[in-house]
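The values are calculated or read from the model by the stated rules, or taken from the named source; none is laboratory data. Because the structure is predicted, anything quoted here is derived from the model rather than measured. With ideal geometry, Cβ positions are generated from the backbone for all residues, glycine too; neighbour counts draw on all protein chains shown. In case anyone asks, the SASA skips ligands and DNA or RNA and just uses the protein heavy atoms, side chains included. Shrake-Rupley method; radii C 1.70, N 1.55, O 1.52, S 1.80 Å.
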Amino acid sequence: MNYDTLDRRRFLATATAAALPLVGRLAVARAAAPPDARFAFVLLRGALDGLAAVPPWGDPDYRRLRGEIAIAPPGEPGGALPLDATFGLHPALAFLHESWRARELLVAHAVATPYRERSHFDGQDVLENGAARPHALASGWLNRALAVLPAVARSRGDAGVALGQNLPLTMRGPAPVASWSPSRLAALDDDTLDRIAELYADDPLLSRRLADALMADDVARAASMDGPQRRAGARDLEVLRAAGAFLGRDGGPQVAMLDTIGWDTHANEGGAQGRLGARLGVLDAGLREMKRALGARWSSTVVVLATEFGRTAAVNGTRGTDHGTATVAFVLGGAVQGGRVLADWPGLSARALYQQRDLTPTLDLRAILKGALGEHLGVPAVRLDTEVFPDSAAVRPATAVVRATSDSRV
Amino acid sequence: MGMTDVVAAAIATNRFGLGARPGELARVAPDPRGWLAAQLHGGAPSLPAGSALESSASILVQAAKLREDRRETQRGAAAPGAVPRVIQGPGAWYRPIYLSEVQARFSAAVVSERPFIERLVHFWSNHFAVSIDKAVVLGVAGAYEREAIRPQVLGRFENLLLAVERHPAMLLYLDNAQSAGPASPLARRASASGRRDPGLNENLAREILELHTLGVSAGYTQADVTGFARMLTGWSVSEGEFRFRPGLHEPGAQRLLGRSYAQPGYEQGAAALRDLARHPATAGHLARKLACHFIADDPPPAAVARISTAFREHGGELLPVYRALIESPEAWATPLAKYKTPADYVHSAFRGFELPHDGPRAGLAAYELLGQRAWSPGSPAGWPDRASDWDGGSALLQRIEWADEVGTRLGDRRDAQRLAHSILGGVLSDQASNAIARAASGAQAITLLLTAPEFMRR
């Protein structure tokens, strides 16, 4: 691929403009996705540095701003894995790069939720609740999306599973969802469990939670054959693999949510190698495991990875980056119409930065999520605009997120 | 004693305390509020094992020495004829320190006769959270709590705040120790000689405003964060102790919340912290957190207002704040309003069943299994404090499995039927009482008591 002669801005303009005229048409054509479609959401808590995960190495200001933590251009030692004439992937993201080449990865850059302050906790709340401000809702967008899916998709019990001990806000709400996390203890004897269940009969919360947990535990026990791995990052690998097993099962949940932490890189972030690189490597390996566990269902799967906000454009005084604004999001999976960067790149010049410090957001994360939920799961557009992401009609869904001819719709 | 006193005793020991030990309810029942108020006297108790634990200064100095030795060994190994020698890094060296600290804190929680004060220590330690996912915190988290939090929980909030923000654990955890003002002497020298610019790190300043004092919706701006971060430049660590380094400090006056701070050096940041401690938004933020912890996930506004008023009227003295909390009728109105965190759950089980608490890793293993490893909230916001953060199905199953293991281990060495009345008293339901009485074995009876709905809540 020879992007060297292609003008950066023109390339990006083509990439984004090509998608625009399709708004509406696809939303109608894809209103009813088959129950085979699978969706996973991976929340990267702590504010992933989008300028490190997807370095804009072709931007004239990038290297100056990033200094010693800048990722080198493709081809240089420790250089980025090439995407196009502007962007690359962090060298630790080998599986994502393979997926890119297989056209199964869509990269969105200069993305942000509507939140414009810099608190992790409020930022995550906005990302999870799906509204325009923190603490506006006590339920999450993914649960509300599940709740409006056609009843047929939900007729088989829990439509969603959260991989973790507790339900994150994204998955809280009216639709029944289970939670699961690796359990290390021997099985309880059934008589004791029956008695505990009886003890919870008059306690709606505990009886519901116990029923959820027992159902989820059966599935996961059947799925993990190759034993727990105990090295660093093993939990992420195990949980991503379990998500693949849940979603890959016939009649299993349609939606999974995973939580990861460890992205808050204020100091010693590193470049091609270092703290963030190691963390990205674990995530990348886990996603590869997830694909393996999904088996044939990978072709009808869409995985969205997002974080609450980005980090400062410039490296700080402690070789890290502070809380910022726009960042990246990834859409990955066999059903994805990938191999594209979705970005209206604002640039990194002093004048282009948001409040003279952060990458300026030019794309609302909700556009990506709406595109994926609408096209892939068949969540009706009007419900996306009003219930899943309240008051978001002005945010047009991204289009052509999934393949028109993906296996999920034949 | 009336029915109400029996319920009030259960609330005092479970919600304000760390769970009743056998016999404790009977002692508390005559005057549950008085039992709590009496614990506020006599200063903050130090850890029984505290004398055997090292200071953070000593730990940090030894860690620095270890790093230096290792560098020298590496240099030496490159020399011809050198004998290779392996020296462990501070990470591995911190681990046993962490284990001793967890064990000491855990034992105190299990045996304390002033469990209300221990809970307050845990509350403030979580309010000013550090997290061991940063390596150095593994070494000093326990010392931080013993040095900065524990001695201050019965004093003035301002002193607690200053002790925390000056402590090396916090300065290192939130990256302030190296933060340098853009016009500081160090930055100017660096840029003159073409070296990498040391620069500002706003992490600590932001979290002080957002988490430690005002709260996120108090209306401060990015300019406030930056201004405050500049005031705090120079708040650093040397020889394992707090050291103000003029070379890192940004010269000149700075603004915060519309006020100008022109004090020189250290005094600038300290003055801002003192103002933040007295700010009405801080009173409201702390009152909400305390009420959420001691009354309900969504505490009644009247109770929050009362606590906040006590804070402001007494200039941030904490004893009147705690008294306002104890005297809030809302705290006594609804038994079992709070779902136990994993740590609450483990503490109350160890206290109620008098489980052996001083073995190696006794508490640590349970914390880890149930999802709340000590000092590891993963972010400066600390552990969350609402039921929905802890009541997941999988988490419940893990408690049940742990309870089953405890039951199996104890077998008939505890009489669950007697203990149920002794530690739950007025909140024990007929249903749980009957289930325990009809259990198939002593072990199963223990499991049922530990998994009963009234044991899951406080």
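Accessible surface of B:Glu405, taken over heavy atoms with a 1.4 Å probe and every protein chain present, rounds to 80 Å². Post the alpha-carbon centroid distance, segment B:381-440 to segment A:48-102, in whole angstrom. Each part's Cα centre sits 52 Å from the other's.
The share of Cα pairs per 10 Å bin across the protein assembly as shown, counted from zero up to the longest distance, runs 2, 12, 21, 24, 21, 14, 5, 1, 0 percent.
Around B:Leu60, under 11 Å between beta carbons, what's the net of Lys plus Arg minus Asp minus Glu among the other residues? My count for the surroundings of B:Leu60 gives -1. In this label model, B:Gln62 and B:Asn159 are separated by 2.9 nm, measuring between points 7 Å along each Cα→Cβ vector. Could you check the simple spin-label distance between B:Arg188 and A:Ala352, using points 7 Å along Cα→Cβ, in nm with one decimal? Output for this residue pair reads 3.4 nm.
Summed over the residues of the protein assembly as shown and divided among them, the accessible surface reaches 37 Å² per residue at a probe radius of 1.4 Å.
Measuring how big segment B:342-456 is from its alpha-carbon positions, Rg and Dmax come out at 14.5, 46 Å.
At a Förster distance of 30 Å, what's the computed FRET efficiency of A:Arg249 paired with A:Asp202, Cβ-Cβ distance as r, to 0.05?
Computed FRET efficiency for A:Arg249 and A:Asp202 comes out at 0.35.
Mean partner shielding of peptide A:313-326, defined as the number of other chain Cβ atoms within 10 Å of each residue Cβ, is 5. Our summary of shape: the Cα atoms of segment A:269-410 have principal axis extents of 53, 37, 24 Å, ordered from largest down, in whole angstrom. Chains A and B together bury some 4100 Å² of accessible area, summed over both sides, with a 1.4 Å probe.
Ordering B:Leu410, A:Leu377, B:Ala439 by the projection of their Cα atoms onto the charge dipole of the protein assembly as shown, which places +1 on the Cβ of Lys and Arg and -1 on the Cβ of Asp and Glu, puts A:Leu377 at the extreme positive end.
Straight Cα distances below 12 angstrom link B:Lys340 to the aspartates and glutamates B:Asp297, B:Asp385, B:Asp389, B:Asp391, B:Glu454, with same-chain residues fewer than 8 positions distant left out.
Taking 30 Å as the limit for the C-alpha separation, the pairs B:Lys65/B:Lys134; B:Lys65/B:Lys289; B:Lys134/B:Lys289; A:Lys291/A:Lys370 exceed it in the case of B:Lys65/B:Lys289. Each label point was placed 7 Å from the Cα along the Cα-to-Cβ direction; for A:Ile261 and B:Ala52 their separation is 3.0 nm. Heavy-atom accessible surface of A:Thr362, to the nearest 10 Å², is about 60 Å², with a 1.4 Å probe and all protein chains retained. When Rg and Dmax are taken over the Cα atoms of chain B, they come to 24.4, 84 Å. Note on segment B:185-278: with charges restricted to the Cβ of Lys and Arg (+1) and Asp and Glu (-1), its dipole about the Cα centre is near 300 debye.
Computed on segment B:185-278, the Cα convex hull volume stands at 108 Å³ per residue. Partner shielding of A:191-203 amounts to 6, given as the average count of beta-carbon atoms from other chains within 10 Å of each residue beta-carbon. Take each residue in B:446-458, count the other chain C-beta atoms within 10 Å of its C-beta, and the mean is 3.
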